[in-house]
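Here the structure is laid out as structure tokens; the discussion comes afterwards.
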Amino acid sequence: QYGYASPKLTPMSSRVQAASVNDPNQVIVRRARPNINTLRLRLAPAFGVELLNAGKARLLTSQEQLDALYPGLALLPGASDEAALVQFAANNDASALVLYYHDPADPSTAVNHSFSLSAGRHFYQAEADRSAIAGLSTLTTSLGQISAAATTQQTYIQGVLGLQTKIEIPYLTSLRSFGKNIIITSAIMTAQIPDNTSGIKTNMLPPAALNLYTTNQNNQQLVPIQTAGAAGTSAVINYNAAVANLAGVNQAGYQWSLLSYCQAVINGQTVNNGLLLNTATPATPERVVLGGPNRANNKLQFRLYLISNN
């Protein structure tokens, strides 16, 4: 299973003016490339004239006045863009709104004034369109959940948009039937990334590290779980390009130990409400698709060994 967890944010659609300040005579087409690190957008001349007139009227002498006239600029992807992501440093000193104009006393000399963007307030929001992925459209409330059976046995972990995978091991307490003196010697969970996923764009990197938490019936993160070899704070599960499943087939994914959790459940020290698997950097736009427990290939697998001293 997996769920959707997101803070309550004011939708951008209610904050952005319908009228664009783009230059209507300039079709803005920009494709991000690794070797191009500057984004320049020409805005409408009417907006420049409006800005210049406000300056001449001394309505831009303070940050408060500027905020009152122009609360900010919003960069949005076009309607036809799918999973469009551009990352840039908003606090870079070169980031600015530049007004180009001429002094009537010296019309041959170009003059410009920069309204710096580096020292202002910056934030970003991401809005999800989950209609292309089977089953995901029903996730509309925070901490809601759906079964992997509704999403072609795929589970999702995605930063920014709050998708996390919930893992349930309902039969774990049944191991008590072997007696009271049970010692778990190994408990390994393997989650592989399927080769072919439905409805998924591949423009996002998988998280370099995941965190694992105990949870409750409301799908809230509770206590971080330490995996084998992890110490100190929350356990970190690193991405691996070659994780072997029970059949010995390698595939990219994640693998971690659940020994301490399973032993605590059997000993009655932990309630078996499941586990939440989430990216270690939830504010970063990254995503991974994992195989569900009943998938034909690359399924979620759990291997447990125990000793009964009864």
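Shown in residue order for the range 257-265 are the 3J(HN,Hα) couplings computed by the Karplus curve 6.51 cos²θ - 1.76 cosθ + 1.60 at θ = phi - 60°: 8, 10, 4, 5, 5, 4, 5, 5, 5 Hz (x for Gly and Pro). Residues Phe123, Phe47, ranked from the fewest to the most other C-beta atoms within 10 Å, line up as Phe123, Phe47. As a proxy for reagent exposure, Lys299, Lys180 were ordered by neighbouring Cβ count within 10 angstrom, fewest first; the result is Lys180, Lys299. Between amide H atoms placed 1.01 Å from N, distances below 5 Å from Gln154 occur with Gly292, all of them 5 or more places distant or on a separate chain. Rounded to the nearest 20, the size of the Cβ-charge dipole of the range 130-308 about its Cα centre is 200 debye, with Lys and Arg at +1 and Asp and Glu at -1. Ordering Thr185, Leu290, Ser257 by the projection of their Cα atoms onto the charge dipole of the range 130-308, which places +1 on the Cβ of Lys and Arg and -1 on the Cβ of Asp and Glu, puts Thr185 at the extreme positive end. In plain terms, the residue of Ile237, Ile182 with the fewest other Cβ atoms within 10 Å comes first and the most crowded comes last, giving Ile182, Ile237. Bridging of Lys56 to aspartates and glutamates at a Cα separation below 13 Å is possible for Asp103, once same-chain residues fewer than 8 apart are set aside.
Pro194: net charge of surrounding residues, Cβ under 11 Å, Lys/Arg +1, Asp/Glu -1, itself excluded? Once all neighbours under 11 Å are counted, the net charge is +1.
For the range 130-308, the relative contact order comes to 37 percent (Cα pairs under 8 Å, sequence separation of at least 6).
Across the range 127-139, rounded Karplus estimates of 3J(HN,Hα) from the backbone phi angles (6.51 cos²θ - 1.76 cosθ + 1.60, θ = phi - 60°) give 10, 9, 10, 9, 5, 7, 10, 4, x, 6, 5, 7, 7 Hz, Gly and Pro being marked x.
A short reminder: the numbers here are calculations on the coordinates, not readings from a lab. No experiment lies behind these values; they were computed from the predicted model shown. Reconstructed Cβ throughout: ideal geometry from the backbone, glycine too, with neighbour counts over all protein chains shown.
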